[in-house]
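Participant: Structure provided below as structure tokens; questions to follow.
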Ligand code: BEZ
Ligand code: FE
């Protein structure tokens, strides 16, 4: 029989994949078709709403270029990116069964659109915040594995917006790299560097995703955070942030990336001698955080 009833359409689409040679692709596409049909049936999508949705996706695509990825922003603001991160981390944790007394691995969070590969590698203790808006902040801590063994020679790629919430990539074509660098832990797994205490800022909200957030009655802001990506041979790569504990929006991150274990009290200090011996003639902050990596199975 050629005719298909509404309730049979999803299964008919799935059945057409009988000759598909890629089991995982088939599994993902079958679930996508099932859920898409269930969604349309549940909300009884009208033809006008369907056209609006198609126009929204078209506008989202048109907003994308090498610097702007509106689809990732859509995924971020709908909590999908964070769900993918959480599933991936749970998978890695399941492969590495912690022994009693071992440290829990540092939690991962979203990569975001402002990672720029190839940041300069600098000496430990270098200052990447000098000359940029914001209060100076000294970041320090250790990288260990779950058993507490120091991870030497671990690369920490760090990047953040400035103290007014702007990333270098948002400052025009000539700005170049700012407030980003790579550091390598020493033999004891120690890292340290100076930057600024990051401010909260809105995710790019001048496109279709911004309009969607507005219609949803949502704000576009993320609490202040320092991004970091840690890579060391023999360990699972970690993409995470350190969140400023008293930042606005810490309870309502627009991309749902906050994990309690990543919230840090930035201690404030009057001008004077900093922990690395540097004489500060302005007030500054310190941020202490130890990262825990999972050994590769
Ligand atoms: C960010 O952290 O910079 C970011 C993350 C997700 C979406 C937009 C911005
Ligand atoms: Fe960010």
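The values are calculated or read from the model by the stated rules, or taken from the named source; none is laboratory data. Everything numeric here is computed off the predicted structure, so don't read it as measured data. Please note: Cβ atoms are built from the backbone with ideal geometry, for glycine as well, and neighbour counts cover all protein chains shown.
Participant: Could you grab me the full set of residues in region 189-209 that are within 17 Å of residue 165 (Cβ to Cβ) and out of contact with any strand residue (DSSP E or B) (no Cβ under 8 Å at 6 or more places or on another chain)?
Facilitator: Residues satisfying the conditions are 199, 204, 205, 206.
Participant: Filter the strands (runs of 3 or more DSSP E) completely within region 170-277 down to those with at least 3 residues that are assigned by TED's automatic domain parsing to the domain that holds residue 55 and within 14 Å of ligand 1 (Cβ to nearest atom).
Facilitator: Output list is empty.
Participant: Restricting to region 153-167, and then to whatever is crowded, with 22+ Cβ neighbours inside 10 Å and more than 14 Å from ligand 2 (Cβ to nearest atom), can you tell me which residue is nearest to residue 234 (Cα to Cα)?
Facilitator: By that ranking, first place goes to 154.
Participant: Right, another one. What do you reckon, is residue 10 surrounded by 15 or more Cβ atoms within 10 Å (Cβ to Cβ), touching a residue at least 24 places away in the same chain (Cβ under 8 Å), not assigned by TED's automatic domain parsing to the domain that holds residue 205 and not in a loop (DSSP other than H, G, I, E, B)?
Facilitator: yes
Participant: Which ones in region 119-163 are farther than 30 Å from residue 99 by Cα and in a strand (DSSP E or B)?
Facilitator: 121, 127, 136, 137, 138, 158, 159
Participant: (1) surrounded by 11 or more Cβ atoms within 10 Å (Cβ to Cβ); (2) in a helix (DSSP H, G or I); (3) within 30 Å of the chain's Cα centre (by Cα): which one isn't true of residue 68, the others all being true?
Facilitator: (2)
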